[in-house]
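First comes the structure, then the notes that go with it.
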Amino acid sequence: MTEAEYSVHRDTKGAAKDEQLRLAAVRRYAALDVPSDGALEKIAALAARIFDVPMATVALVGSDRVWVKAAHGLDDVREIPRDPGLSACAVPHDEPYVVTDTLTAPNTAANPLLHGRPDVRFYAGAPITTADGYRLGTVNVLDTRPRRPTDVQLATLQDLAALVMDELELRLSALRTVAAERERRADAERLARTLQRTLLPPALPTVPGLHAAAAYHTASVDEVGGDFYDLFPLDDGRWAFFLGDVCGKGADAAALTSLTRYTLRAAAIYDPDPCIALANLDTVLKGEHQGDNPRFCTAVFGVLDAESDGSFTVTLAGGGHPPTLAVRADGTVESVSTTGGQLIGLLPDPQFVQATTRLAPGDALLLYTDGLIEARTADGSMLGEEGLARHLSTHAARGADSLLATVHKLFTDLGTGVSDDTALLALSVPLRRTQLPAQENW
């Protein structure tokens, strides 16, 4: 290779690298995705008015096409081949590129705009240049007759190209802000999901003769809720369970949820009497959260005692919590009410109300937090305890899994009417095979 050939090779290789860097800048600004909007259209119209020409465009140069992002007087032109192209010829220049007569200028005779309509004879284009020196495209003015622009006009064309670059910078900043916010929300959602999982048992234990299922319906994916539940064995062969809801959201609610859950477990070991367990929790919350910012919760605490006939005696106490629902084998729904039980951790001397029920084979128990009954129906009214009971009886839900599936369908139907998290705990006693209805699939 001669020195002259090497020089040409080096220049060609350098130009190719520069073009790759320029195209990378076009992609960085997502420039080819810029919609034709009012700002760019106004810049094209202003350019035409300043030069007193019938046509003006804002164009971006891709790898093989020139994309017209805004046009004045050329509404039917949105893209043309890059080579040969006037905008592509203008891109390598730092200063405005001017063709006073396209028919006599080199490298323009084959341009598609020069044949038939609009028969362009004059062209001037100012490069749209990034802060780091890459030219993304041009602001162009065109006329059907030869002409020679003034220095003032060309300087103004450069200013208009700078305005386009400002628009692209603003758009890039907005895109980055949106992307950063999306990533922040994704991180917050991941953190919330992880933290929420640590506040709930990873899986419910197997209780002999009983089927248990739980679910957590999240209303806000990026905020930790304060709903909780648990099911665990006692030392005497009985089983304890609880479900509740602490005040607030976020980190404070998570800390209170963790404290509440572990306090109730410890209280049950000390004395599993439901009312005493809630009273012990009340004492702990008041000791941890005193002064002007008390922290409180609602909860239901229950004990399961297996009977020889396969049924379970359920003793539960409630503190400020919605009533538990018993769904009987025949489809009827009964409220196991602890109405009158007061908020835990807030009042000087709260009262907790105890209730007892029996779960026979085929019966089920549903515990829930108030996010479910405070959800809004299609007419704007709250679902309420009666609405929930009516829904369960209408859909003939049987068994723990069936209960949760029925409530999940209800959540789907309510849609945006659900505005708060909901924890669900369902307990059911399976029917023995000899008790199964002949035409039911259990």
- Task: Name the residues whose placed amide hydrogens come within less than 5 Å of the amide hydrogen of E79, ignoring near sequence neighbours (fewer than 5 apart) on the same chain.
- Result: V68
- Note on the structure: For 64-70, 325-331, 238-244, 27-33, ranked highest to lowest by mean beta-carbon neighbours within 10 Å, the order is 238-244, 64-70, 325-331, 27-33
- Note on the structure: 1/(1 + (r/R0)^6) with r = Cβ-Cβ of T339 and A251, R0 = 25 Å, i.e. FRET efficiency to nearest 0.05, evaluates to 0.20
- Farthest towards the positive end of the dipole of the range 301-435, among Y368, A329, G345 and with Cβ unit charges of +1 on Lys and Arg and -1 on Asp and Glu, lies the Cα of A329
- Query: Going 7 Å from the Cα of A24 in the Cα-to-Cβ direction, what parts of the range 162-184 have a backbone nitrogen less than 19 Å from that spot?
  - Reply: none
- Task: For L103 paired with A396, estimate the spin-label separation in nm (one decimal), with each label point 7 Å from Cα along the Cα-to-Cβ line.
- Result: 8.9 nm
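Please give the peptides 172-179, 146-153, 307-314 ranked by average Cβ packing (other Cβ atoms within 10 Å per residue), highest first, as a rough proxy for protection.
307-314, 146-153, 172-179
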- Item | D151-S381 FRET efficiency (beta carbon distance; Förster radius 56 Å; 0.05 resolution) | 0.15
- lysines near K69 by alpha-carbon distance under 20 Å, same-chain residues fewer than 8 away left out - which ones? K42
- For the range 206-211, take each phi angle, set θ = phi - 60°, evaluate the Karplus expression 6.51 cos²θ - 1.76 cosθ + 1.60, and give the result in whole Hz per residue in order, putting x for glycine and proline. 8, 9, x, x, 9, 10
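Bear in mind that the values in this text are calculations on the coordinates, not laboratory data. Keep in mind that what you see is a predicted model, and the values were worked out from it rather than measured. Heads up, the Cβs are rebuilt from the backbone with ideal geometry, glycines too, and the neighbour counts pull from every protein chain shown.
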